[in-house]
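Asks: Shown below is the structure under consideration.
The values are calculated or read from the model by the stated rules, or taken from the named source; none is laboratory data. From a predicted model like this one, the values you see are computed outputs, not experimental measurements. Cβ placement follows ideal geometry from the backbone for every residue including glycine, while neighbour counts extend to all protein chains displayed.
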Amino acid sequence: MPMTSGLKNARVLVTGAGGGGIGTGAARKFLEEGARVVVSDLNAKGLDSVLDLFKPLGEVHGVVCDLTQRKDMDNLVSETVRILGGIDTFVYVAGSPKPGIFMEQDYEDWENGGRLLMVSPAYMARRVAEQMLKSGTKGRLVFTSSFAIREPIANIALSNVARVSIYGLVRTLARELAPKGIRVNGILQGYVKTARIDQVASDTSKRKGITVEQAIADIEKEIPMGHMATTEELARSIIFLGSEMSEYVTGAMLPVDGGILRSIG
């Protein structure tokens, strides 16, 4: 039997999709697979631009949401259910905390990073799973993280620490929800060509006294495949975990990093 994603008419929610980055790339791929998609972002203007771009591809709707605010997250889930009639696949993509070494981060930085990368994904998972359980949906939850939780990266202390919680969330929920037919997985993404890379490279260039271009070139030298991922390349792995193609996979954290991880296990 030919392999199929089974996503035609599937009801999909993707967060962090208004900035042209990973969320935007994932939403595009789901639409290309025939899914009905709700995209969310804090940036209303960016979200409108994405909606204009995507409307020729299929059914797509936008909901403005600040993932650090409980009322916004509640509204996002309820609006998605109202618009689509339910949720089959949920993809959590969020922005990254500011770069910097550990001793440069203050209380507010850790509080904001914790909200975005620990509290918010856990709360969104709870609200989405509630809807899936209520409707008897055999759903999929996919969380983007970073290979930094396996091998910490210099100058992004907040991400190194806070993103570890997503691994724990995925493993915990996978065991709790599998008996109900809900699968939970994550992506350990490597370096992806987004605005975040420009931010990290700019910070590195200032610390090392090199150009931004040299900082990016130095990163790519460390990647065995020789280049950073495009958002489309990463989106293909998100489609895999967010569809029927991964029907016996749950609790996994899939490295999509061009081979940069050196560790085993």
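Asks: Could you check segment 131-145 and list, in sequence order, the residues that are part of a helix (DSSP H, G or I) and either under 17 Å from the mean Cα position of the chain (by Cα) or buried (at least 18 other Cβ atoms within 10 Å of the Cβ) (or both)?
Replies: Here is the first cut: in segment 131-145, the residues part of a helix (DSSP H, G or I) are 131-135.
Those that are part of a helix (DSSP H, G or I) and either under 17 Å from the mean Cα position of the chain (by Cα) or buried (at least 18 other Cβ atoms within 10 Å of the Cβ) (or both): Gln131, Met132.
Asks: Right, another one. Could you list, in sequence order, all residues of segment 46-66 that are touching a residue at least 12 places away in the same chain (Cβ under 8 Å), assigned to a helix (DSSP H, G or I) and out of contact with any helix residue (DSSP H, G or I) (no Cβ under 7 Å at 6 or more places or on another chain)?
Replies: At the first step, the residues of segment 46-66 found to be touching a residue at least 12 places away in the same chain (Cβ under 8 Å) are 46-51, 54, 57-66.
Keeping just the survivors that are assigned to a helix (DSSP H, G or I) gives 46-51, 54, 57.
Within segment 46-66, Gly46, Leu47, Asp48, Ser49, Leu51 meet the criteria.
Asks: Further, regarding this structure: Can you name the residue in segment 146-181 that is among the basic types (Lys, Arg) and assigned to a loop (DSSP other than H, G, I, E, B) and is also nearest to the chain's Cα centre (by Cα) among such residues?
Replies: Of all residues in segment 146-181, those among the basic types (Lys, Arg) come to 150, 163, 171, 175, 180.
When the remaining residues are screened for being assigned to a loop (DSSP other than H, G, I, E, B), the result is 150, 163.
Details: Arg150: 17, Arg163: 11 Å.
The residue in question is Arg163.
Asks: I'm told Met73 meets every condition in (1) surrounded by fewer than 16 Cβ atoms within 10 Å (Cβ to Cβ); (2) out of contact with any strand residue (DSSP E or B) (no Cβ under 9 Å at 6 or more places or on another chain) except one. Can you identify the failing condition by its number?
Replies: Failing condition for Met73: (1).
Asks: Can I ask one more? Suppose the filter is touching a residue at least 40 places away in the same chain (Cβ under 8 Å), part of a helix (DSSP H, G or I) and of a type outside the set (Ser, Thr, Tyr); does Met124 pass it? So that I can check it myself, show each step before the final result.
Replies: Numbers: touching a residue at least 40 places away in the same chain (Cβ under 8 Å): yes; part of a helix (DSSP H, G or I): yes; of a type outside the set (Ser, Thr, Tyr): yes.
Yes.
Asks: Which ones in segment 67-91 are assigned to a helix (DSSP H, G or I) and among the charged types (D, E, K, R)? Please lay out each step first, then the result.
Replies: In the first step, residues of segment 67-91 are kept if they are assigned to a helix (DSSP H, G or I); the result is 70-84.
Those that are assigned to a helix (DSSP H, G or I) and among the charged types (D, E, K, R): Arg70, Lys71, Asp72, Asp74, Glu79, Arg82.
Asks: Kindly provide the set of residues from segment 180-219 that are touching a residue at least 40 places away in the same chain (Cβ under 8 Å) and of a type in the set (Ser, Thr, Tyr), ordered by number. It would help to see each step written out before you state the result.
Replies: First pass over segment 180-219, keeping only residues touching a residue at least 40 places away in the same chain (Cβ under 8 Å): 180-192, 194-196, 199-200, 203-204, 207.
Result: Tyr191, Thr194, Thr204.
Asks: Taking the residues in segment 119-129 that are closer than 21 Å to Arg140 by Cβ and among the aliphatic types (A, V, I, L, M) as candidates, determine which candidate is surrounded by the fewest Cβ atoms within 10 Å (Cβ to Cβ). If you could, list the steps in order and put the result at the bottom.
Replies: As a first pass, look at segment 119-129 and keep what is closer than 21 Å to Arg140 by Cβ: 120-129.
From the residues that got through so far, the ones that are among the aliphatic types (A, V, I, L, M) too are 122, 124-125, 128-129.
Details: Ala122: 18, Met124: 23, Ala125: 22, Val128: 24, Ala129: 21.
Filtering segment 119-129 for residues that are closer than 21 Å to Arg140 by Cβ and among the aliphatic types (A, V, I, L, M), the one surrounded by the fewest Cβ atoms within 10 Å (Cβ to Cβ) comes out as Ala122.
Asks: State whether one or more residues within segment 246-260 are of a type in the set (Val, Ile, Thr), part of a strand (DSSP E or B) and within 20 Å of Val184 (Cβ to Cβ). Walk me through how you get there before you give the answer.
Replies: Going residue by residue through segment 246-260, those that are of a type in the set (Val, Ile, Thr) are 249-250, 256, 260.
Retained after the next criterion (residues that are part of a strand (DSSP E or B)): 256.
Still in the list and also within 20 Å of Val184 (Cβ to Cβ): 256.
So far as segment 246-260 goes, yes, one or more of its residues are of a type in the set (Val, Ile, Thr), part of a strand (DSSP E or B) and within 20 Å of Val184 (Cβ to Cβ).
Asks: Do we have any residue at all in segment 202-217 that's in a helix (DSSP H, G or I), assigned by TED's automatic domain parsing to the domain that holds Gly251 and surrounded by fewer than 17 Cβ atoms within 10 Å (Cβ to Cβ)?
Replies: Filtering segment 202-217 down to residues in a helix (DSSP H, G or I) leaves 202-208, 212-217.
Those still in the list that are assigned by TED's automatic domain parsing to the domain that holds Gly251 too: none.
The answer is no; no qualifying residue exists.
Asks: Next up: Please specify each residue of segment 4-40 satisfying the condition of being in a strand (DSSP E or B) and charged (D, E, K, R). Steps first, please.
Replies: Step one: filter segment 4-40 for residues in a strand (DSSP E or B), giving 11-14, 36-40.
Matches in segment 4-40: Arg11, Arg36.
Asks: Looking at (1) surrounded by fewer than 24 Cβ atoms within 10 Å (Cβ to Cβ); (2) touching a helix residue (DSSP H, G or I) at 6+ places or on another chain (Cβ under 9 Å); (3) at pLDDT below 95; (4) in a helix (DSSP H, G or I), can you tell me which one Glu108 breaks?
Replies: (2)
Asks: Could you list, in sequence order, all residues of segment 164-197 that are among the small types (Gly, Ala, Ser) and under 21 Å from Lys134 (Cα atoms)? Before you say what the answer is, go through the steps one by one.
Replies: We begin by selecting, within segment 164-197, every residue among the small types (Gly, Ala, Ser); these are 165, 168, 174, 178, 181, 186, 190, 195.
Passing the criteria: Ala174, Ala178, Gly181.
Asks: Taking the conditions exactly as written (within 15 Å of the chain's Cα centre (by Cα) and either of a type in the set (Gly, Ala, Ser) or over 22 Å from Glu247 (Cβ atoms) (or both)), does Asp72 satisfy them or not?
Replies: Numbers: within 15 Å of the chain's Cα centre (by Cα): no; either of a type in the set (Gly, Ala, Ser) or over 22 Å from Glu247 (Cβ atoms) (or both): yes.
In short, no.
Asks: Within segment 180-195, is even one residue in contact with a helix residue (DSSP H, G or I) (Cβ under 7 Å, 6 or more places away or on another chain), of a type in the set (A, V, I, L, M, F, W, C) and surrounded by fewer than 21 Cβ atoms within 10 Å (Cβ to Cβ)?
Replies: no
Asks: Of everything in segment 26-56, what is closer than 24 Å to Met245 by Cα, crowded, with 24+ Cβ neighbours inside 10 Å and small (Gly, Ala, Ser)? Give them in sequence order.
Replies: Selection gives Ala26, Ala27, Ala35.
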